[in-house]
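Please read the structure below before turning to the comments.
The values are calculated or read from the model by the stated rules, or taken from the named source; none is laboratory data. No experiment lies behind these values; they were computed from the predicted model shown. Cβ placement follows ideal geometry from the backbone for every residue including glycine, while neighbour counts extend to all protein chains displayed.
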Amino acid sequence: MLKWLWVALALVPLAARAAPLEDTRAFDRAFALSFYTFDACGDGKYGALFRRALNARFAQCPFSPEAQAAHRRRNALQAEKSRERMEALIEETGGVPVRLPGMEETCRQQRAESGYADIRAKLESYSEGAAKLEDVLPASCDAEAITP
């Protein structure tokens with residue numbers, strides 16, 4: 001009987017036996033930065049696609065129920081705060097700003113970079129079902145930073 005228990009345990013993937021992850025900071029930062037990277041420069045479509053991919057990647061990770069709930073709360077607060085800040089920026093500048101505070105380049109220059117175009121192409125391909133989530137967000141669940 002004990003022999004069968006060991007056999008059964010050996011068949012359970014190690015990830016399923018490991019302690020759940022608690023640190024969601026990389027996902028939290030990626031979510032927050034997506035508003036600055038995409039939405040604030042007029043690429044709200046790609047910001048939404050990135051956050052959808054990020055949420056799908058987060059769902060694949062073995063985070064504890066408490067960490068998942070805290071992450072969802074932070075995302076909701078961040079989304080509200082970011083939208084309010086973007087509305088204020090648009091009000092202040094009379095439209096989408098040319099350059100965001102703290103940016104070295106203009107939004108137009110950022111969108112013209114090949115790396116940025118690659119990110120947009122990956123997100124577009126993922127949204128159409130042509131690319132896998134791992135192609136867009138290859139980082140592990142416990143990575144220190146999550147970037148496309």
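In this structure, Leu77 qualifies as without any contact (Cβ under 8 Å) to a residue 12 or more places away in the chain and within 29 Å of Leu21 (Cα to Cα).
Can you spot a residue in segment 92-108 that is closer than 18 Å to Phe50 by Cα, of a type outside the set (Val, Ile, Thr) and touching a residue at least 60 places away in the same chain (Cβ under 8 Å)? Taking every residue of segment 92-108 in turn, at least one turns out to be closer than 18 Å to Phe50 by Cα, of a type outside the set (Val, Ile, Thr) and touching a residue at least 60 places away in the same chain (Cβ under 8 Å).
Of all residues in segment 57-72, those that are touching a residue at least 60 places away in the same chain (Cβ under 8 Å) and under 27 Å from Ala131 (Cβ atoms) have Cβ atoms under 9 Å from Cβ atoms of residues that are loosely packed, with under 13 Cβ neighbours inside 10 Å and hydroxyl-bearing (Ser, Thr, Tyr), 6 or more apart or on another chain, in Cys61/Ser140. Residues in segment 16-67 that are among the charged types (D, E, K, R) and either under 25 Å from Val98 (Cβ atoms) or within 16 Å of the chain's Cα centre (by Cα) (or both): Asp23, Arg25, Asp28, Arg29, Asp39, Asp43, Lys45, Arg51, Arg52, Arg57. Among the residues making up segment 97-130, those that are within 14 Å of Tyr46 (Cβ to Cβ) and either touching a Gly at 6+ places or on another chain (Cβ under 7 Å) or aliphatic (A, V, I, L, M) (or both) are Cys107, Ala117, Ile119, Ala121, Leu123. Considered as a group, the residues in segment 6-52 that are β-branched (Val, Ile, Thr) and modelled with pLDDT of 75 or more include one that is surrounded by the most Cβ atoms within 10 Å (Cβ to Cβ), and that residue is Thr24. Every condition in (1) within 30 Å of Ala19 (Cα to Cα); (2) out of contact with any Phe, Trp or Tyr (no Cβ under 9 Å at 6 or more places or on another chain); (3) loosely packed, with under 15 Cβ neighbours inside 10 Å holds for Glu92 except the one numbered (1).
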